[in-house]
Amino acid sequence: MLDTLFARHKLILLLFAVLVGFFAWHSRSFEINASADTLISEDNIDFIESQKINQKFSPEEFLIIAYRPKDGDIFSKQSLQNISEISKKIKQLNRVKSVRSVMNVPLLSKAGQGLSADMDPNDFTQEKLRLPAAELRTLFKDHPIYDGLLINHEQTASGIQVLFKTDIILQNLDADILAIQSKRLDGPLSKEDKASLKALKAKTAPLEKALRETRNQEIESLRSIIKDYSGDADLYLGGVHVLGYQLISIIQHDLSVFGSAIALLICLLVFMVFRRFSWVLITVICCASSLLITVGAFGLLGLKATVISSNFISLQLILSLAIVIHLIVQYREDAEIHPDISQRELVLRALRNKIAPCFFAGFTTSLGFASLLLSEIEPVTAFGWMMIVAMAVTILCTLLLFPALLLLFPREQASHNNSILLKPVHKLQGLCIRHGTAIILFSVVFFTASVFGSLQLNVENSFINYFSDSTDAHKELSFIDKEFGGSTPLDIIYTPPEEPRPDKNLVLRAKDIQNVQRIQKALGEFEAMGTRLSVLNFTQLAKQINNNKPLTEYELTAIYWTLDKSIREDLLNSFFIEPPAQLRISARIKDSTEGLDRGAMLADIHKKIQALGISKDDYQLSNLFVLYQAMLEQLFTSQILTLGAVFIALGLAFCVIFRSLKIATIAIVPNIISAIAILGVMGWLRIPLDFMTMTIAAIAMGIAVDDTIHYTHRYLQELENNSPEIAVERSHHSVGYALIYTSLIIAIGFALLAFSDFVPGVLFGLLTGLAIIIALIADLTLLPVLLQKFVRGSIHDSAATPDEMSK
């Protein structure tokens, strides 16, 4: 069959040229969506509850521009003029609804007793009043609403809050989607509901994509506007969507810069090892074709890369390169053993020898990634599907393209280019034969230490710390976080118990306000707690207007109805709804707080609120801070379950492949050690599990299983005609070189990521490189020792022979 297939190798190359061109064209549709909300599963119960709360209170989309004058005076004539000019320019952007700054917010305390329904709030802005700097400082000092929102507490920087219009069509579609998703709270969805949900999501997808693109363009426009004022002040941009923009920018930068650097280094190393330009060319074409077809397929399927799956290109590069190098080494070995056969016979012989282990290695790697489908977390399952597709494309491309390309070149003469690795390989082989017991004991100790290390793991995620301290992104986001009330939103929804009201016309009851005040005071005890806004801030402002005299609930109701409708909407509608009465406290968490334990903080918030005598049924925590933590904890649980499922699945796969429970048990050991070792290293080094590092163990498994299958397959092949010791020696001096070449080239390539400014990229590169080295050591020491000790003599009765595996 292979003879017939590769008799038309030029036709195969032509077909691949067409396929690569087709998918390369569609790769333009592939999208990297690194916005923070992509990390939250839409089917998650907490997400559905959060969306229902957002629908009730309709909080506005906004971002913050911080203006820190270089002369230190935010109320100087120049600073106020610049803030006013920036605000006017921003208002001209199509989607901007309004711009708030110290220049145009109503200073209601200047209205005194003049509050009435006919009052124009614009009459009490700095633009109209032109108050002196000293009076402005007094007015904004500890302002119940504007302090921490439009001006930092030290009054060294001023904030410009940009609010955006809502897309009504998208809002209505989202409401319809939420109405169906809410049914999940009571049980599984019906087939009709699932079909309706799928249709609605298909309608929203292009609108959401257009909105993401618009937001990115708006951020670039805002940067262009504020750039003109960089001579007078330091300006910083912050907000949830700014974070997504920064993540996309740095991921794309690293993909282009470090992707190119890694590719060039790999080409150089392949040339240094194999000393032929043709091998470099074949490697590049195989890897590039796999990547282009995969990315194009993702574009057609609508699969988007998130923060979790942004490293899929690196992973596919590893897997493609591994197969190519194994085929190269096999070809060169056969060329040395059979110096007289033709190029065509040599290529087909190498393919026949490697097609089974390459296919099974790819299958078991896919099986490992398929375990991610067991997760209930949508971004994780999407990553699993992406890697299954990538693995299938890699196997198909490499096993077809490699021989077809190689047939275009003349036969390689037998060569002996292993002199550099000859001594290390010989020592490893000798170590396995003479010191097997010591290797097993060391492995047990190492594994035990790894297990203890993995028990030290904790779950944390700080998006600000994704960026190196020296980057503009980190400086910008951390400044907004520290000076303007935090980054990650947290909502506390308080629902007062139903009680008879003495007066049905009362808008706000004194008892309810007191409970909100007690909750806000309790929240303020946390170091990481930033800005807190609620109806309490409105009552504090009303107290200021009333010459610092407390107001009764009747007076508050009178002021509420007296205020202009626009002021009521700005100050209260996002914090109070009825019936039934619900009060929202909008808080933000300072993500840059040193040593912040988010899980412990959430638990302590619950304890403090309940210690106030407020029942857990009367309040609810919501928004991104809660959702991120729930997702991280779910990821941690999913990681444990997934690894367990992977070990079982791989064990069963090895049983099928090798047709021997004994060999399957031996083969799974190095894979377990390499996966747990990475988690152990992370635990001992206090590297937390987050959205990016969660996949490292799966990567370690994927790499180790490839090497395991290739080595075990060769050992069983050699054992047919040799003793176990000679089988180990021959396996080391054949497939051992391929394992070392693959591992060292990839590890050195990924070490380049240590120079990235994207901290998760640095950790991914270094930990992946370490995983590769650990897997290599395990497969060239422990695996041979176990095979030599427990798989001796004829294997025909207990396991599949290599020839049978190839059939």
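The values are calculated or read from the model by the stated rules, or taken from the named source; none is laboratory data. Keep in mind the model is a prediction, meaning the values are calculated, not measured. Note that we place each Cβ from the backbone using ideal geometry, even for glycine, and neighbour counts take in every protein chain shown. These accessible areas exclude ligands, DNA and RNA; they are computed on the full protein's heavy atoms, side chains included. Shrake-Rupley method; radii C 1.70, N 1.55, O 1.52, S 1.80 Å.
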Study note, to complete from the structure: For the chain, the longest principal axis of the Cα atoms and the Cα long axis of helix 759-777 enclose an angle in degrees, to the nearest 10, of 20
Review point. Given a 1.4 Å probe, how much area per residue of the chain is accessible, in Å²?
Key: 43
Exercise for review: May I ask you to give the percent of accessible area on the range 200-278 that is carbon plus sulfur, with a probe radius of 1.4 Å?
Suggested key: 61
**Study point:** Within-11-Å neighbourhood charge of Phe467 [Cβ basis; K, R +1; D, E -1]
**Key:** -3
Review point. In degrees from 0 to 90, rounded to the nearest 10, what is the angle of the helix 535-545 Cα long axis to the longest principal axis of the chain?
Key: 30
Review point. Near Lys521, which aspartates and glutamates are there with a Cα under 17 Å away, not counting those fewer than 8 places off in the same chain?
Key: Asp142, Asp147, Asp491, Asp512, Asp604
Review point. With point charges of +1 on the Cβ of Lys and Arg and -1 on the Cβ of Asp and Glu, referenced to the Cα centre of the chain, which listed residue (Thr214, Pro580, Ile513) lies farthest in the positive direction of the dipole?
Key: Thr214
Review point. How large, in percent, is the carbon and sulfur part of the accessible surface of the range 332-422 at a probe radius of 1.4 Å?
Key: 65
Revision key, fill the gap. Leu129 and Phe790 label points (each 7 Å along its Cα→Cβ direction) are spaced in nm at 8.0
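Taking 0.36 nm per intervening residue step and subtracting the Cα-Cα distance, what contour gain separates Ala558 from Val257 on full extension?
Extra length available between Ala558 and Val257 comes to 102.1 nm.
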Check your understanding: Can you give the Rg to Rh ratio for the range 341-491, taking only C-alpha atoms and Rh from Kirkwood?
Key -> 1.14
Check your understanding: Pick the calculated semi-axes √(5λ) of the Cα gyration tensor in Å for this structure from (1) 61, 27, 24; (2) 73, 29, 25; (3) 45, 33, 26?
Key -> (1)
Study note, to complete from the structure: Note: Glu498 to Thr204 extended length (0.36 nm per residue) minus current alpha-carbon separation gives 102.0 nm
Study note, to complete from the structure: At R0 = 60 Å the Cβ-Cβ FRET efficiency linking Glu525 and Leu14, nearest 0.05, sits at 0.25
**Study point:** Percent RCO, i.e. relative contact order, over the chain, from Cα pairs under 8 Å lying at least 6 residues apart
**Key:** 19
Review point. What's the carbon and sulfur percent of the range 599-708's accessible surface, probe 1.4 angstrom, rounded to a whole number?
Key: 67
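How high is the FRET efficiency from Ser58 to Ser470, r the C-beta distance, R0 56 Å, rounded to 0.05?
Efficiency for this residue pair is about 0.90.
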Check your understanding: Taking only Cα atoms, what is the 0 to 90° angle, nearest 10, from helix 696-719's long axis to the longest principal axis of the chain?
Key -> 10
Check your understanding: Once the Cβ-Cβ distance between Ile440 and Ala754 is put in as r, and R0 is 41 Å, what FRET efficiency do you end up with, to the nearest 0.05?
Key -> 0.80
Practice item. Check cross-link reach from Lys209 to the aspartates and glutamates: straight Cα distance under 19 Å, and skip same-chain residues fewer than eight apart. Key: Glu31, Asp37, Glu42, Glu61, Asp167, Asp174, Asp176, Glu218, Glu220, Glu378
Study note, to complete from the structure: The simple spin-label model distance between Thr214 and Ser230, using points 7 Å out along Cα→Cβ, in nm, is 2.8
